[in-house]
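*Asks:* Got a structure here, written out as structure tokens. Questions coming.
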Amino acid sequence: MADSTELRRIVWGAGTPRTMRAHWILHELGLSYERRLVGPRTGETETPEFTKINPSQKVPVLQEDEFTLTESAAIVTYLGETYGASRGLVPPAATKERARYYQWCFFLMMELDAHTLYIIRKHADLKEIYGEAPNALRAAEEGFRKQVQVVDQRLAARGPFILGERFTGADILLTTCLTSAVRRRIPLTDVLQEYLKRTTSRDAYRLGQKANQPN
Ligand SMILES: N[C@@H](CCC(=O)N[C@@H](CS)C(=O)NCC(=O)O)C(=O)O
């Protein structure tokens, strides 16, 4: 584990499944950090101070001294690799296992998060802001149901976690996608519900959830 005792570490953002990913991995690693409870659509991500930190005006953001990192999957992978390699939170670089880790991370971020759940969130819950888009909504829901079957089959065949025996950063990404789906009342198979019970019963999940409270 890299020595992190001298670093000032800050997580910007709380209250969403994507910010949860940063809080959760930090609790898996037992690393101390400060929280800045900036919330989306509050105007707080649009201040000049925050825009300097993340020009895309989005959370989460991780800072370690002068180093600033955005994108929840990148934050999980960076922290997991830097401080959690001995626990296998991210498989070793330049191995087939790492390639498989990336495969699942990119799949989850594109197929379950950006292309589907985020579209559903924007054009259902937040339609007052982003507008109604029934066709996009239907396609997103269908897309989610289809792609989540791939995860279901993988877990049924090669679980208990998405890479097999070991819990990794990819499980943080998957769990937070599935909890979003549950919130949107998208039905999940028994395999996925069992998986969620397994990952959300971790102490670090509970602590991360507490830290992810917006106030
Ligand atoms: N791909 C980014 C997405 C980040 C993102 O969309 N964050 C939302 C909250 S979940 C946000 O900050 N939205 C602010 C806004 O759109 O005003 C990640 O995974 O970190």
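*Asks:* Considering each of Leu178, Leu192, Leu174, Leu155 in turn, give the residue that is more than 28 Å from Ala14 (Cβ to Cβ), crowded, with 18+ Cβ neighbours inside 10 Å and not acidic (Asp, Glu).
*Replies:* Numbers: Leu178 fails: more than 28 Å from Ala14 (Cβ to Cβ); Leu192 fails: more than 28 Å from Ala14 (Cβ to Cβ); Leu174 fails: more than 28 Å from Ala14 (Cβ to Cβ).
Answer to the selection: Leu155.
*Asks:* Go through region 163-186 and give me each residue that's assigned to a helix (DSSP H, G or I) and of a type in the set (D, E, K, R).
*Replies:* Quick first cut of region 163-186, residues assigned to a helix (DSSP H, G or I) only: 169-183.
Of everything in region 163-186, those that are assigned to a helix (DSSP H, G or I) and of a type in the set (D, E, K, R) turn out to be Asp171, Arg183.
*Asks:* Could you say whether any residue in region 2-11 is out of contact with any strand residue (DSSP E or B) (no Cβ under 8 Å at 6 or more places or on another chain) and modelled with pLDDT of 95 or more?
*Replies:* No.
*Asks:* Only one of (1) under 24 Å from Leu178 (Cα atoms); (2) at pLDDT below 95; (3) not acidic (Asp, Glu) is not met by Met109, so which one is it?
*Replies:* Of (1) under 24 Å from Leu178 (Cα atoms); (2) at pLDDT below 95; (3) not acidic (Asp, Glu), only one is false for Met109: (2).
*Asks:* Also: Can you list residue pairs whose Cβ atoms sit under 7 Å apart, with the first residue in region 96-121 being among the hydroxyl-bearing types (Ser, Thr, Tyr) and the second being within 16 Å of the ligand (Cβ to nearest atom)? Count only pairs 6 or more apart in sequence or on different chains.
*Replies:* If the second residue must be within 16 Å of the ligand (Cβ to nearest atom), the pairs left are Tyr101/Ala170; Thr116/Ala140.
*Asks:* Quick one: Val150 ticks every box in (1) crowded, with 18+ Cβ neighbours inside 10 Å; (2) within 19 Å of the chain's Cα centre (by Cα) bar one, so which box is it?
*Replies:* Tallying (1) crowded, with 18+ Cβ neighbours inside 10 Å; (2) within 19 Å of the chain's Cα centre (by Cα), Val150 fails exactly one: (1).
*Asks:* Between Leu163, Leu155, Leu137, which is touching a His at 6+ places or on another chain (Cβ under 6 Å) and away from the ligand (no atom under 16 Å from the Cβ)? Spell out the reasoning first.
*Replies:* Numbers: Leu163 fails: touching a His at 6+ places or on another chain (Cβ under 6 Å); Leu155 fails: touching a His at 6+ places or on another chain (Cβ under 6 Å).
Selected residue: Leu137, the only one of Leu163, Leu155, Leu137 that is touching a His at 6+ places or on another chain (Cβ under 6 Å) and away from the ligand (no atom under 16 Å from the Cβ).
*Asks:* When you scan region 155-183, how many residues do you find that are more than 20 Å from Gly208 (Cβ to Cβ), touching a residue at least 24 places away in the same chain (Cβ under 8 Å) and out of contact with any Asp or Glu (no Cβ under 9 Å at 6 or more places or on another chain)?
*Replies:* Number of matching residues: 1.
*Asks:* Still on this model: If you go through region 83-91 one residue at a time, do you hit one that is within 16 Å of the ligand (Cβ to nearest atom) and at pLDDT 95 or above? So that I can check it myself, show each step before the final result.
*Replies:* Keep residues of region 83-91 that are within 16 Å of the ligand (Cβ to nearest atom), which gives none.
Within region 83-91, not a single residue is within 16 Å of the ligand (Cβ to nearest atom) and at pLDDT 95 or above.
*Asks:* Identify the single condition in (1) at pLDDT 95 or above; (2) outside any loop (DSSP other than H, G, I, E, B); (3) more than 10 Å from the ligand (Cβ to nearest atom); (4) not assigned by TED's automatic domain parsing to the domain that holds Arg166 that Ile120 does not satisfy, given that it satisfies every other one.
*Replies:* If we test Ile120 against (1) at pLDDT 95 or above; (2) outside any loop (DSSP other than H, G, I, E, B); (3) more than 10 Å from the ligand (Cβ to nearest atom); (4) not assigned by TED's automatic domain parsing to the domain that holds Arg166, just (4) comes out false.
*Asks:* Quick check on region 1-19: of everything there that is buried (at least 18 other Cβ atoms within 10 Å of the Cβ) and under 19 Å from Thr200 (Cβ atoms), which residue is farthest from the ligand (Cβ to nearest atom)? It would help to see each step written out before you state the result.
*Replies:* Taking region 1-19 and keeping what is buried (at least 18 other Cβ atoms within 10 Å of the Cβ), we get 11-14, 16-19.
If we keep only those that are under 19 Å from Thr200 (Cβ atoms) as well, we get 14, 16-19.
Working: Ala14: 10, Thr16: 4, Pro17: 7, Arg18: 4, Thr19: 7 Å.
Out of the qualifying residues, it is Ala14.
*Asks:* Restricting region 1-52 to residues that are among the β-branched types (Val, Ile, Thr) and assigned to a helix (DSSP H, G or I), which is nearest to Glu66 (Cα to Cα)? Don't jump to the end; show me each part of the working.
*Replies:* Narrowing region 1-52 to residues among the β-branched types (Val, Ile, Thr): 5, 10-11, 16, 19, 25, 38, 42, 45, 47, 51.
If we keep only those that are assigned to a helix (DSSP H, G or I) too, we end up with 19, 25, 45, 51.
Values: Thr19: 20, Ile25: 20, Thr45: 19, Thr51: 16 Å.
Ranking the qualifying residues of region 1-52, first place goes to Thr51.
*Asks:* Going through region 20-43 one residue at a time, which ones are without any contact (Cβ under 8 Å) to a residue 12 or more places away in the chain and either within 13 Å of the ligand (Cβ to nearest atom) or assigned by TED's automatic domain parsing to the domain that holds Cys177 (or both)?
*Replies:* Applying the first criterion (without any contact (Cβ under 8 Å) to a residue 12 or more places away in the chain) to region 20-43 yields 30, 42-43.
Once the filter is applied, which keeps residues that are without any contact (Cβ under 8 Å) to a residue 12 or more places away in the chain and either within 13 Å of the ligand (Cβ to nearest atom) or assigned by TED's automatic domain parsing to the domain that holds Cys177 (or both), region 20-43 yields Thr42, Gly43.
*Asks:* Check whether at least one residue in region 72-88 is in a strand (DSSP E or B) and in contact with a strand residue (DSSP E or B) (Cβ under 8 Å, 6 or more places away or on another chain), and report yes or no.
*Replies:* Filtering region 72-88 for residues in a strand (DSSP E or B) gives none.
Within region 72-88, none of the residues are in a strand (DSSP E or B) and in contact with a strand residue (DSSP E or B) (Cβ under 8 Å, 6 or more places away or on another chain).
The values are calculated or read from the model by the stated rules, or taken from the named source; none is laboratory data. Fair warning: this is a prediction, and the values are worked out from it, not measured in the lab. Backbone-built Cβ (ideal geometry, glycine too); neighbour counts: all protein chains shown.
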